[in-house]
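So the structure is just underneath, and the comments pick up after that.
The values are calculated or read from the model by the stated rules, or taken from the named source; none is laboratory data. The structure presented is a predicted model; accordingly, all values stated were derived computationally and were not measured. No Cβ is skipped: glycine too gets one built from the backbone with ideal geometry, and neighbour counts run over all protein chains shown. Protein only, heavy atoms only, side chains kept; ligands, DNA and RNA dropped before computing areas. Shrake-Rupley method; radii C 1.70, N 1.55, O 1.52, S 1.80 Å.
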Amino acid sequence: MNSRDRVLTAFAHEEPDRVPAWCGASAEFWEKAKRELRLDDEGLRERFGDDFRRVFARYAGPPIELPEGVTSVTPFGVFRAGFGYGQPIAHPLAGASLAEVYAYPWPDPGWQDVSQIRDEAARFNGQYAILGGDWSPFWHDLIDLLGMETMYLTMYDRPELIDALVEHIVAYYYEVSRRIFDAAGDVIDVFFIGNDFGSQRSPLVSVAMFRRFLLAPLRRLVDLGHAYGLRVMLHCCGAFAELIPSLIEIGLDGLHALQPCCDAMQPRRLKEQFGGQILLNGAIDSHHVLIEGTPDLVRQRTAETIGVMMPGGGYVAGASHDCILPETPVENVLAMFDTVREHGSYRRFGHRAHVDPHLTARPVPAAARKTSQHPSSGR
């Protein structure tokens, strides 16, 4: 069974030969690990046993000059400064009227070049599960454009403005991903998107407000992925267990990262409540175990997490953060992935791996062919 078979079997909630492994890492950690282990990019992925590979569109729009001190800029023109991608230095639509929202210089999806994506995915020859599509962090963009406090007040005072903003933001991401899938949908397996809806203690919005403002946009992206025959997986940090039934309702296929130190996000609880309905990815504690622990502690906690999560399939093993951070010891990451291989074998426990031929011989839906009819028509 190759990596792609393994992952798709897990998505089907069946038991593959072993638990699939996921490695998301910061650029800083990645370079550190390559230096310490004397490996190139692909050699490091193989050493960790990563069953996924990822392809991206590339920005090809008008040149952007970052002001002094600015770290990055979002597709919607919000400048950010500080550590990593930084924090917004201004909120350009705070206090805007509905007319100003419509008049805002929204980005052109055509600025994302998708021409190389198919070749990049195809070079893996179907050996790995390929992640594709735009990250689509529309919740974060909404906060950036308005400011968090203003956004919350506007949800109550001017809900129509929130609707207009979300519509414009998601329309951009939808169209970028549609172009990606038109170009390469037959060699991509998972539409991977990300929005952090949780704090350490609870969701950042109530279930009612989540369903009012955010569920329909998420459904739109999930439906787009499904129209191309893809599984759709959401990265979401924090304590968001209360939102998971709504995510299952719209047909989301997988949840990524799963922080066990957040309220109501304990692996056993998630597995018992939701494990048969949605793939669970992550749950090996990045903070208290991978960063602060010893290799022995990492091996112990990884084995414990796998023991809880692997029965019946529907689980991918990995860290509880979307990116392994640079302060994480490489020896701890090696201990995690080596333990995944050692303890994650279904055959070790007498389980039988089963591969559904429909998982590995996925036809390309009509929507993925370049015709005048595509999933965005008629919206």
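Observations, loosely collected:
- Criterion violated by Leu39 - all others in (1) closer than 30 Å to His343 by Cβ; (2) modelled with pLDDT under 95 satisfied: (2)
- When the strands (runs of 3 or more DSSP E) confined to segment 240-347 are screened for residues that are more than 27 Å from Leu224 (Cα to Cα), those reaching at least 1 such residues are found at 279-284, 315-319.
- Evaluation of Thr74 against (1) surrounded by 19 or more Cβ atoms within 10 Å (Cβ to Cβ); (2) touching a helix residue (DSSP H, G or I) at 6+ places or on another chain (Cβ under 9 Å); (3) of a type in the set (S, T, N, Q) (one fails), failing number: (1)
- Here Leu290 meets each of (1) under 21 Å from Ala25 (Cα atoms); (2) under 19 Å from the mean Cα position of the chain (by Cα) with one exception, condition (2).
- Test for Arg201: is it buried (at least 21 other Cβ atoms within 10 Å of the Cβ), among the charged types (D, E, K, R) and either under 22 Å from Leu146 (Cβ atoms) or modelled with pLDDT of 95 or more (or both): no
- Where helices (runs of 4 or more DSSP H) fall entirely within segment 25-114, those with at least 2 residues that are within 23 Å of Asp322 (Cβ to Cβ) are at 27-37, 41-48.
- Of all residues in segment 281-293, those satisfying the criterion of being surrounded by 23 or more Cβ atoms within 10 Å (Cβ to Cβ) and of a type outside the set (D, E, K, R) are Asn281, Gly282, Ala283, Ile284, Ser286, Val289, Leu290.
- Looking only at segment 294-309, and only at residues there that are among the aliphatic types (A, V, I, L, M) and over 18 Å from Phe48 (Cβ atoms), the one that is most open to solvent (accessible area, probe 1.4 Å): Leu297
- Ser136 falls short on exactly one of the conditions (1) assigned to a helix (DSSP H, G or I); (2) within 19 Å of the chain's Cα centre (by Cα), and that condition is (1).
- Restricting segment 156-201 to residues that are in a helix (DSSP H, G or I) and basic (Lys, Arg), the residue that is nearest to Val114 (Cα to Cα): Arg179
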